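This report concerns only the one structure given below.
The values are calculated or read from the model by the stated rules, or taken from the named source; none is laboratory data. The model shown is predicted, which means the values in this text are computed figures rather than measured ones. Neighbour counts are summed over all protein chains in view; Cβ atoms, including those assigned to glycine, are modelled from backbone coordinates with ideal geometry.
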Amino acid sequence: MERIYLREARGDVDKKYVGFTPNGSAVKPVHIAGGSLRCIYGKYNRTRNIKKMALVSDAKGNVPSGNDADTIYQELENKELIEDNVTENSVESMRNEMQRLLSVDRGVYVVKGLKDGMISYSAGSKYFLTSKAMYEDAGEFMGSIVRAYCPDLAEYISELLDKGTDAITLLFQPVLEADMEEFTDQNQYEDIPAFQSMNDQMKRFTTGIAEAGSCLLDNLRHHPNPLTQLRLFNFFCIFNLIRYMALLEAFYCGESVRPILLDFSGKSQSFSSVARASEMSYTQMYKSINRFYAWGYAKWLEDDKGYTKDDLLNSETPAYEEGKKVSKTSKEELDALWTLAKERASTLDGEEMYTAFGETMYDMLALEASSHPVNYLRALGNLSGILYPPDKFHPNKRFVVSQDILEMLLRSCVKSSEVISGQDIRKRLWDRFGIIIGGGQFEMTTLHQSGMILQIDEDALEDNFSAFASVLESMDFAEIMADGILQIRLGGTENDR
């Protein structure tokens with residue numbers, strides 16, 4: 001049999017079962033925005049003029065060729081884009097401000113030739129949509145899901161991008177060019193088996209997205225700031241992307257939904273059972289992802305490659321990719337793992353036999369690849385304000401959400417005209433996002449079924465919900481009545497469309 005290449009296996013599994021490649025610990029929220037907005041709008045722009053105007057210098061102070069102050073000022077004068085009384089110093093000051101605005105997302109890079117690889121979700125119009133870049137495929141995938149299950153929300157976002165009424169777009173108005181090109185790959189989700197033949201968990205996931213998207217749309221229509229609207233929409237995409245990854249095992253292997261326990265205790269794991277249980281819910285999430293990929297590699301060995309038990313028992317140790325050199329230590333580690341897999345598989349048959357090799361392939365990829373799906377999820381969760389602590393030095397995370405993420409969740413569960421109770425918000429958070437906060441027997445039962453009963457008690461859950469209510473009150477999204485009843489209302493005034 002031909003040699004097994006781990007990179008090929010991962011690429012095939014991602015393409016066939018996932019829909020994008022969750023690879024790279026350098027992924028940022030801006031990458032999700034770039035992909036989702038391009039997919040929803042259906043076009044992208046050439047941003048050379050924007051980039052030339054805004055990029056004064058790189059991090060080392062180097063000025064790109066042709067981007068010096070004299071050249072830019074002369075071009076603006078020749079094209080009659082500035083008034084006669086505007087000085088070169090004034091233009092340079094404005095360019096510095098432009099660079100600060102665009103680079104706030106750390107998604108704008110100075111490159112040779114001033115290519116079009118500029119991405120920034122702080123900019124709120126079609127003029128800032130660019131061609132496909134690294135790490136943006138997940139955003140495109142989420143954009144295709146939003147187009148399918150939240151068509152009204154997708155249409156609204158597209159109209160918002162088309163208007164270009166945000167402050168950043170207006171600042172760049174003199175140099176904007178709508179040199180748009182078509183983006184045709186807008187239905188990527190349709191090729192994924194989990195969407196073609198939906199089980200109950202996938203139906204629940206898509207129903208939750210549809211309901212949350214409709215609610216979020218209502219709130220966006222009542223929000224005055226287009227940049228904030230796009231920011232909330234991006235967090236909506238990111239949270240559902242993370243949840244999609246966490247549910248892959250449920251979509252393909254029939255596993256139950258693992259709850260996401262939000263921690264509002266404000267305490268460390270040593271002093272809070274809620275914090276410990278929230279960490280456990282994160283642990284369950286990434287272990288579920290591990291099991292899904294082990295299953296995926298097993299299916300790849302059996303269905304895509306057609307390897308038999310004898311083939312695998314007599315195979316040589318897989319390599320990461322053809323021609324890649326590995327150190328002696330790495331080779332010994334990989335050989336040892338594959339030998340152990342053969343020993344396990346020798347006593348197994350059928351699906352269990354393939355799974356033994358699939359699990360080992362996942363472990364080998366974790367050793368050989370620079371990044372893997374759990375690192376991807378962790379990086380995105382850290383930077384978007386979903387996971388805590390938000391750094392690379394604490395691998396054990398828990399769900400402590402930022403105020404931005406919390407606002408997105410609330411606006412996806414409560415319409416602008418509604419006033420709902422604490423019981424209502426608990427039910428909607430669970431139905432639409434798989435989130436648990438606390439406050440009732442349902443939460444205890446759900447956590448018990450997921451195996452977290454040893455981590456938490458009912459009193460701690462009630463305290464967690466009380467802390468959640470206090471946060472909502474401080475955000476002016478709720479009030480606690482004299483009888484102790486929580487009332488949640490967001491309000492707002494509808495914008496002209």
* Would you pick out the residues in the stretch 18-55 that are of a type in the set (A, V, I, L, M) and at pLDDT 90 or above? -> 18, 27, 30, 32, 33, 37, 40
* **Qualifying positions in the stretch 122-132 - within 18 Å of residue 230 (Cβ to Cβ) and either assigned to a loop (DSSP other than H, G, I, E, B) or free of Cβ contacts under 8 Å to residues at least 12 places away in the same chain (or both)** => 122, 123, 124, 125, 129, 130
* Asked: Is it the case that the stretch 371-381 has a residue that's surrounded by fewer than 20 Cβ atoms within 10 Å (Cβ to Cβ), in contact (Cβ under 8 Å) with a residue 24 or more places away in the chain and assigned to a loop (DSSP other than H, G, I, E, B)?
  -> yes
* What residue, of 79, 15, is under 30 Å from residue 334 (Cβ atoms), at pLDDT 85 or above and surrounded by fewer than 15 Cβ atoms within 10 Å (Cβ to Cβ)? -> 15
* How many residues does the stretch 250-264 contain that are in a loop (DSSP other than H, G, I, E, B) and touching a helix residue (DSSP H, G or I) at 6+ places or on another chain (Cβ under 7 Å)? -> 7
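Yes/no matrix, rows are residues, columns are (1) within 23 Å of the chain's Cα centre (by Cα); (2) among the acidic types (Asp, Glu); (3) buried (at least 24 other Cβ atoms within 10 Å of the Cβ); (4) closer than 30 Å to residue 90 by Cβ:
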| site | (1), (2), (3), (4) |
| --- | --- |
| 143 | yes, no, yes, no |
| 155 | yes, yes, no, no |
| 162 | no, yes, no, no |
| 167 | no, no, no, yes |
| 171 | no, no, no, yes |
* Asked: Looking at the stretch 286-312, which of its residues are out of contact with any Phe, Trp or Tyr (no Cβ under 8 Å at 6 or more places or on another chain), within 20 Å of residue 8 (Cα to Cα) and assigned to a helix (DSSP H, G or I)?
  -> 289, 291, 300, 303, 304, 311
* Asked: Can you spot a residue in the stretch 266-285 that is basic (Lys, Arg), part of a helix (DSSP H, G or I) and at pLDDT 95 or above?
  -> no
* **Residue list for the stretch 284-320, filter: of a type in the set (S, T, N, Q) and touching a Gly at 6+ places or on another chain (Cβ under 9 Å)** => 284
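Could you tell me which of the residues 315, 330 is part of a helix (DSSP H, G or I), of a type in the set (S, T, N, Q) and touching a helix residue (DSSP H, G or I) at 6+ places or on another chain (Cβ under 9 Å)?
Among 315, 330, only 330 is part of a helix (DSSP H, G or I), of a type in the set (S, T, N, Q) and touching a helix residue (DSSP H, G or I) at 6+ places or on another chain (Cβ under 9 Å).
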* **Condition broken by residue 329, with the remaining ones in (1) farther than 29 Å from residue 29 by Cβ; (2) β-branched (Val, Ile, Thr); (3) modelled with pLDDT of 95 or more satisfied** => (3)
* To do: Go through the stretch 382-423 and count every residue that is under 23 Å from residue 207 (Cβ atoms), modelled with pLDDT of 95 or more and in a helix (DSSP H, G or I).
  => 7
* Asked: Before we move on, is residue 341 assigned to a helix (DSSP H, G or I) and under 21 Å from the mean Cα position of the chain (by Cα)?
  -> no
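Run down 255, 182 and say which single residue is of a type in the set (Asp, Glu) and within 23 Å of the chain's Cα centre (by Cα).
Among 255, 182, only 255 is of a type in the set (Asp, Glu) and within 23 Å of the chain's Cα centre (by Cα).
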